[in-house]
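Asker: Following this message is one structure expressed as structure tokens.
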Amino acid sequence: MPLFLDDDQTALQDTIRDFVGEHAPVKHMRALRDAKDPTGFSRDLWKSFAEMGFTCILIGEEEGGLGLGHVEAGVVLEEIGRNLSPSPFLTTAVAAVAALKGTAHAARWFPGILAGETVAALAIDEHAKHRDSVGLKAERSGNGFKLSGKKQFVTHGHIADLLIVAARTAGSADDAEGVTLFAIPKDAANLTATPERLADSSIAARLEFDGVEVDADAVIGDVDGGRSPLDRLLRAGRTGASAELLGVGGGAMDMTVGYLKQRKQFGTTIGSFQALQHRAAHLYSEMEVARAAVIKAQQLLDAGSDAADTAVSVAKAMTAMATTLSVQEGVQMHGGIGMTDEYDIGFYMKRARVLAEMFGDANFHADRVARAAGY
């Protein structure tokens, strides 16, 4: 498969680039931050995403969606990253849709996602770093379950209409089996959400489940068989986060190259300095390698390939490293002003830091690839 977009995907890219560039540029994120907006994104913008047909990309045609794939979803996410646009697209229209697809929950939640009215949050992390570990307990209670424990780093968890929760129904926290995935509405009793602003001014929540009771219909898939929908969620989320990271790195690189062409020292544009040219060329090369890794992961995921899982980890690790290089070089080449609030480059660094941690950082995924290869 060629590692570039086809004509239809390029047309989608042009559409989303114009839309996001007009309606959700960096100044949109600044405005939400300065206003200390308690939601963390614009619900009106989320509805506009739905009106443009972006929220239905991964939803099948039989369920009212477009029935497209992760390559197309990645096109949207890259432009979201390029503009630092606060949006629930990754958690809701990508990861949550992947988890719910083919289950009884799709009929309940997909119409709201299609309309831009429903926001989903992913309660999967319990530690300072992302791990393949689930300790939150779900114990049998009557005809359903009672959930007890804590989750953290739950993006949009304080305002989400739907929480997708990974819980332990058998075994110990690090066991592969014995995990069950639940779909829990926002009004569940004994559930406390504490919102916290992250480095990039987005909002994530710490969730405490103090005996949250749900009926058996809340189970996504099978009891003790939650690894399958959870893995679908993680593969989609990791690939989507990689695409958004690609946009963040690309946006920072474009801003830096533009600055090199304009900024003058001693009457000469700094972009004419050979040392900076070499660094810019190196950065471009790293971003292109990361782009190839992301497209490959998306294509394999769409094809249902057994190699997709490893490719997804390669993409997440590569984009985290390449985008970290991009934002660091951007701040350094901008000089002192790059550390101020006057220029946008610093916001790219903050967003890159948060995205790099979502669904596992570069070290986590490098370890997964090594283990898959037998090391």
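Asker: Long-range amide H contacts for Ser305: which residues qualify at under 5 Å (H placed 1.01 Å from N, peptide plane, sequence gap of 5 or more or a different chain)?
Answerer: Amide H to amide H, under 5 Å and 5 or more residues apart or across chains, Ser305 pairs with nothing.
Asker: Just the number please: accessible area per residue for region 120-261, 1.4 Å probe, all protein chains included, in Å².
Answerer: Ligands and nucleic acids excluded, the figure is 38 Å² per residue.
Asker: While we're here: Quick one: 3J(HN,Hα) in Hz for region 307-313, Karplus 6.51/-1.76/1.60 with θ = phi - 60°, rounded, Gly and Pro as x.
Answerer: Ordered by residue, 3J(HN,Hα) equals 7, 5, 4, 5, 4, 5, 5 Hz.
Asker: A further question follows. Using amide H atoms built in the peptide plane, which far-off residues or other-chain residues are under 5 Å from Gly65 H to H?
Answerer: Gly60
Asker: Okay, moving on. Using θ = phi - 60° and the Karplus relation 6.51 cos²θ - 1.76 cosθ + 1.60, list the HN-Hα couplings for region 158-167 in order, rounded to whole Hz, with x at every Gly or Pro.
Answerer: Here the 3J(HN,Hα) series is 7, 10, 5, 7, 10, 10, 9, 10, 8, 9 Hz.
Asker: Now, a different point. How large are Rg and Dmax for region 1-112 when calculated on the C-alpha trace, in angstrom?
Answerer: Cα only, region 1-112: 14.6, 46 Å (Rg, Dmax).
Asker: Which pairs break 19 Å Cα to Cα here: Lys151/Lys186; Lys47/Lys150; Lys129/Lys316; Lys101/Lys129; Lys129/Lys151?
Answerer: In this structure, Lys47/Lys150; Lys101/Lys129 lie more than 19 Å apart at Cα.
Asker: Follow-up question, since we're still on this one. For the chain, with all protein chains present and a 1.4 Å probe, just round the carbon and sulfur fraction of the accessible area to a whole percent.
Answerer: It is 50 percent, rounded to a whole number.
Asker: Would you please give the residues with an amide H less than 5 Å from that of Ser141, counting only those at least 5 places away or on a separate chain, with H modeled from the backbone geometry?
Answerer: Amide H neighbours of Ser141: Lys146.
Asker: Please turn the phi angles of region 104-118 into ³J(HN,Hα) values with the Karplus equation 6.51 cos²θ - 1.76 cosθ + 1.60 (θ = phi - 60°), one per residue in order, whole Hz, x for glycine and proline.
Answerer: 5, 6, 4, 5, 7, 9, 5, x, x, 5, 4, 8, x, 9, 9
Asker: What does the charge dipole of region 114-175 about its Cα centre add up to, to the nearest 20 debye, if the Cβ of each Lys and Arg holds +1 and the Cβ of each Asp and Glu holds -1?
Answerer: About 240 debye.
Asker: Once you keep just the Cα pairs under 8 angstrom separated by 6 or more residues, what percentage relative contact order results for the chain?
Answerer: 17 percent
Asker: Show me the three semi-axes of the equivalent ellipsoid for the chain, from the C-alpha gyration tensor (sqrt of 5 times each eigenvalue), largest first, rounded to whole Å.
Answerer: Over the Cα atoms of the chain, the semi-axes work out to 36, 21, 20 Å.
Asker: Stokes-Einstein D for region 51-124 at 4 °C, 1.567 mPa s, Kirkwood Rh over Cα pairs, in µm²/s?
Answerer: For the chosen part, D equals 105 µm²/s.
Asker: Before rounding to the nearest 500, sum -39500 (n - 2.57) across all DSSP H runs of length at least 4 in the chain and divide by the residue total; then give [θ] at 222 nm in deg cm²/dmol.
Answerer: Value at 222 nm, helices only: -16000 deg cm²/dmol.
Asker: Once fully extended, how much extra length lies between Asp14 and Asp341, figured as 0.36 nm per residue of separation less the alpha-carbon to alpha-carbon distance?
Answerer: The span from Asp14 to Asp341 would gain 114.8 nm if fully extended.
Asker: For region 289-375, what is the accessible area per residue in Å², given a 1.4 Å probe and the full set of protein chains?
Answerer: Counting only protein heavy atoms, the per-residue value for region 289-375 is 43 Å².
Asker: What accessible area per residue comes out for region 1-102, rounded to a whole number of Å², with a 1.4 Å probe?
Answerer: About 43 Å² of surface per residue is accessible.
The values are calculated or read from the model by the stated rules, or taken from the named source; none is laboratory data. From a predicted model like this one, the values you see are computed outputs, not experimental measurements. Neighbour counts are summed over all protein chains in view; Cβ atoms, including those assigned to glycine, are modelled from backbone coordinates with ideal geometry. Ligands, DNA and RNA are stripped out before the accessible areas are found, and what is left, the full protein with its side chains, is counted by its heavy atoms. Shrake-Rupley method; radii C 1.70, N 1.55, O 1.52, S 1.80 Å.
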